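The structure appears below as structure tokens.
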Amino acid sequence: MYTDILIIGAGITGTAVARALSRYDASVCVLDRACDIAEGATKANSGIVHAGYDAKPGTLKARYNVRGAELYASLCEALSVPYLQCGALVIALSQTDTDTLRLLEERGKQNGVSGLRIVGRDELLRMEPNLNPEAVAALEVPTSAIVSPYELAFAMADDAAVNGTRFIFNEEVVSIGRCGQNWQVRTADQSFECRAVVNCSGASGAKLHNMISDRHFGMVHRRGQYYLLDRSPSQPFSRTIFQCPTKWGKGVLISPTVHGNLIVGPNAEDIADPLDTETTASGLAEVLSKAVLTWPGLSARTNITNFSGVRAHPETDDFIVGPVAGCPGAFEAIGIESPGLSSAPAIAEDISRQVAVFLDLSRKERVVLPPGREKPFCSMSDEERKAAVARNPLHGRIICRCESVTEAEIRAAIRRPVGARTVDGIKRRTRAGMGRCQGGFCSPRVASILAEELGCSLAEVTKGNGNSRLLSGTVGDFLKAGDSGD
Ligand SMILES: Cc1cc2nc3c(=O)[nH]c(=O)nc-3n(C[C@H](O)[C@H](O)[C@H](O)COP(=O)(O)OP(=O)(O)OC[C@H]3O[C@@H](n4cnc5c(N)ncnc54)[C@H](O)[C@@H]3O)c2cc1C
């Protein structure tokens with residue numbers, strides 16, 4: 001198959017690049033080995049839009065973080081994605097930490113972050129009364145924000161799709177090579193030829209870079225584990241609370257999420273397999289032991305789930321973004337560890353311009369807006385709910401009781417331009433299964449709706465990637481197999 005531009009990876013970076021490139025006159029295709037958008041680091045991170053005080057001045061991390069954070073509010077508003085500028089505090093628990101706060105404040109100022117200031121203990125405890133009373137000071141970061149990372153990736157993919165971008169899933173790139181002036185990208189089943197290839201493959205970034213270029217480099221895979229605490233109308237913190245960063249990263253944080261939960265984590269552990277996203281008793285114990293230094297009242301009793309994500313840490317310790325040296329037509333955004341979520345819109349801005357210049361593309365005259373996203377039923381007032389049910393009676397059928405998700409919302413998520421195809425895809429698009437019972441009640445009903453909408457049998461519906469089927473067959477099949485001695 002031929003396409004002008006082939007983007008490898010449908011995480012936050014690949015979808016942001018796809019949306020930006022969909023504004024040009026060119027054919028664009030996004031390829032991912034997973035079954036859906038945002039199946040890599042983009043689905044499992046802290047969801048913080050960092051202000052940009054942490055990255056070393058002069059690095060790509062600093063530049064893209066600050067510019068990306070600037071773009072976030074308007075991007076999320078345009079795409080109806082939940083985003084909240086709740087601010088953050090980096091707390092100092094010792095005199096050494098206080099020195100670190102001054103360093104971070106100075107770095108932030110050099111990076112162009114506004115509003116930073118150091119607050120003393122009394123003011124700090126007035127701002128966040130549940131903090132450890134032994135905290136001595138904090139750096140206040142008013143421009144820090146929170147976002148739903150995968151919802152942004154879904155929205156950017158939908159936007160790219162209505163503007164002509166094609167998304168292909170379940171295809172893992174196994175080789176990349178030259179084909180005359182073009183690039184040839186192969187998966188197990190298909191071959192793609194393109195004039196420009198953009199490597200946004202997260203954990204596989206180095207592997208695919210090394211297929212394109214002779215200048216090889218390596219990457220470390222660093223897992224971070226989390227607790228997700230139940231939603232509550234009165235959470236103990238209104239801001240994201242960080243401890244002082246170390247060479248391992250930004251440390252264990254406690255933060256509200258845009259959906260009213262509280263997230264606690266991550267730790268940092270180097271692992272051999274980038275796909276190893278299991279959680280472990282020791283990793284979670286480490287998270288808890290560090291988090292109580294921020295919040296002595298923390299109890300894991302309200303925990304509703306644990307998860308982990310894997311950072312793609314490049315040995316260069318900075319993002320690698322731009323044309324691949326000595327390989328015309330090859331571009332990359334790899335080594336995109338934190339603050340990669342915050343940086344994605346800015347990385348996309350640069351990469352799309354570079355690709356457009358290389359291919360001499362002109363901008364499209366007309367940009368198509370993706371179908372609007374209705375306000376979630378759970379956030380509607382009673383009046384709005386009545387009107388929603390009158391518009392579509394399927395809003396009257398609640399499928400997920402914990403998060404008040406209606407059948408109309410689930411069907412709409414499947415019918416989006418890049419719609420849900422799995423139970424997890426529904427969960428991340430609608431929040432059905434995200435609540436206290438974690439899908440215990442609604443998963444079978446979601447699976448039935450998926451089967452009906454996709455025109456397949458219930459036994460073919462998967463939870464997520466690969467052969468993660470919910471059912472192995474019907475009772476009738478099972479009994480027949482027993483009769484025939486199979
Ligand atoms: C624990 C943790 C906490 C973090 N917290 C924050 C935070 O609060 N704020 C912030 O700004 N950043 C944070 N980050 C960083 C952020 O999550 C990442 O920078 C960002 O998600 C990277 O997005 P990506 O699209 O580059 O990679 P990914 O999301 O990993 O996407 C890469 C895609 O490529 C696909 N792929 C891989 N190999 C192949 C192949 N061979 N063929 C086809 N497809 C392939 C994958 O399936 C995947 O979909 C955190 C990261 C982690 C792990």
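Enter the accessible area per residue of the chain (Å², integer; probe 1.4 Å; all protein chains in place).
In whole numbers, the chain has 43 Å² accessible per residue.
So what are the radius of gyration and Dmax for the Cα set of the stretch 361-441, in Å?
Every Cα atom of the stretch 361-441 included, Rg and Dmax give 15.0, 51 Å.
Could you tell me, in Å, what Rg and Dmax come out for the Cα atoms of the stretch 1-131?
My reading of the Cα-based Rg and Dmax gives 19.1, 64 Å.
If packing is taken as the mean number of other Cβ atoms within 10 Å per residue, what is the order of 446-456, 251-261, highest first?
Ranked from most to least packed, the peptides come out as 251-261, 446-456.
Dipole size in debye (nearest 20) for the stretch 325-403 around its Cα centre, Lys and Arg Cβ +1, Asp and Glu Cβ -1?
520
Based on the Cα atoms of the stretch 53-184, what semi-axes does the equivalent ellipsoid have, where each is the square root of 5 times one gyration tensor eigenvalue, given in whole Å with the largest first?
They are 40, 20, 14 Å, listed largest first.
List the residues whose amide H sits under 5 Å from the amide H of Arg311, counting only those 5 or more places along or on another chain, with H placed 1.01 Å from N in the peptide plane.
Residues meeting the amide H criterion: Arg222, Arg223, Gly224.
Among residues other than Tyr64 whose Cβ falls under 14 Å from its Cβ, what is the net charge (Lys/Arg +1, Asp/Glu -1)?
That sum, taken over residues with Cβ under 14 Å, equals -2.
Towards the positive end of the charge dipole of the stretch 38-87, with charges on Cβ (+1 Lys, Arg; -1 Asp, Glu), say which of Ala38, Gly68, Leu79 has the farthest Cα.
Most positive-ward Cα: Gly68.
Would you pull out the residues with amide H under 5 Å of Asn267's amide H, same chain only if 5 or more places away, H placed 1.01 Å from N?
Residues meeting the amide H criterion: Gln225.
Could you work out the relative contact order of the chain? I mean the mean sequence separation of Cα pairs under 8 Å and 6+ apart, divided by the number of residues, in percent.
19
Using mean Cβ contacts within 10 Å as the protection proxy, how do 188-201, 459-472 order, highest first?
188-201, 459-472
In debye, nearest 20: dipole of the chain around its Cα centre with unit charges on the Cβ of K, R (+) and D, E (-)?
So the dipole magnitude of the chain works out to roughly 740 debye.
At 1.4 Å probe size, put Arg301, Arg215, Arg239 in order of accessible surface, largest to smallest.
Sorted descending by solvent-accessible area, the residues read Arg301, Arg215, Arg239.
Mind checking the dipole of the stretch 421-467: about its Cα centre, +1 per Lys or Arg Cβ, -1 per Asp or Glu Cβ, Debye to the nearest 20?
It comes to approximately 320 debye.
Determine the calculated [θ] at 222 nm for the chain from helices alone, applying -39500 (n - 2.57) to every DSSP H run no shorter than 4 residues and normalising by the residue count; nearest 500 deg cm²/dmol.
Result for the chain: -10000 deg cm²/dmol, rounded to the nearest 500.
Could you order Trp183, Trp248 so the one with the most accessible surface comes first? Probe is 1.4 Å.
Largest to smallest exposure gives the sequence Trp248, Trp183.
If I take all pairs of Cα atoms in the chain, what percentage of them are more than 36 Å from each other?
When every Cα pair of the chain is considered, 32 percent fall beyond 36 Å.
Hey, if you put +1 on the Cβ of every Lys and Arg and -1 on every Asp and Glu Cβ in the stretch 1-128, which of Ala51, Leu103, Gly115 ends up farthest toward the positive end of that dipole?
Among Ala51, Leu103, Gly115, the one farthest towards the positive end of the dipole of the stretch 1-128 is Leu103.
Identify, among Val198, Phe441, Gly473, the residue whose Cα sits farthest towards the positive end of the charge dipole of the chain, taking +1 on the Cβ of Lys and Arg and -1 on the Cβ of Asp and Glu, with the dipole about the Cα centre.
Among Val198, Phe441, Gly473, the one farthest towards the positive end of the dipole of the chain is Phe441.
Where does the stretch 323-397 land on Rg(C-alpha)/(2.2 N^0.38 Å)?
The stretch 323-397 yields a ratio of 1.88.
Report, in whole Å, the centroid distance computed from the Cα atoms of the stretch 382-396 and the stretch 286-314.
38
How much of the accessible area of the stretch 64-196, in percent, comes from carbon and sulfur atoms when a 1.4 Å probe is used?
45
Scattering from the C-alpha atoms of the stretch 202-278 alone, worked out with Debye: what is log10 I(q)/I(0) at q = 0.19, 0.23, 0.27 1/Å?
-0.88, -1.03, -1.18
Could you state the number of Å between the C-alpha centres of the stretch 325-373 and the stretch 410-462?
Taking the Cα centre of the stretch 325-373 as reference, the centre of the stretch 410-462 is 31 Å away.
Using alpha carbons only, how many angstrom separate the centre of the stretch 180-237 from the centre of the stretch 258-280?
A separation of 17 Å, based on Cα centres.
What's the FRET efficiency of Ser94 with Glu315 using the Cβ-Cβ distance as r and R₀ = 30 Å, to the nearest 0.05?
After rounding to 0.05, the efficiency reads 0.45.
The values are calculated or read from the model by the stated rules, or taken from the named source; none is laboratory data. Quick caveat: nothing in here was measured; it's all calculated off a predicted structure. Here Cβ is always computed from backbone atoms with ideal geometry, including for glycine, and neighbour counts include all displayed protein chains. Please note that ligands, DNA and RNA were not included when accessible areas were found on the heavy atoms of the full protein model with its side chains. Shrake-Rupley method; radii C 1.70, N 1.55, O 1.52, S 1.80 Å.
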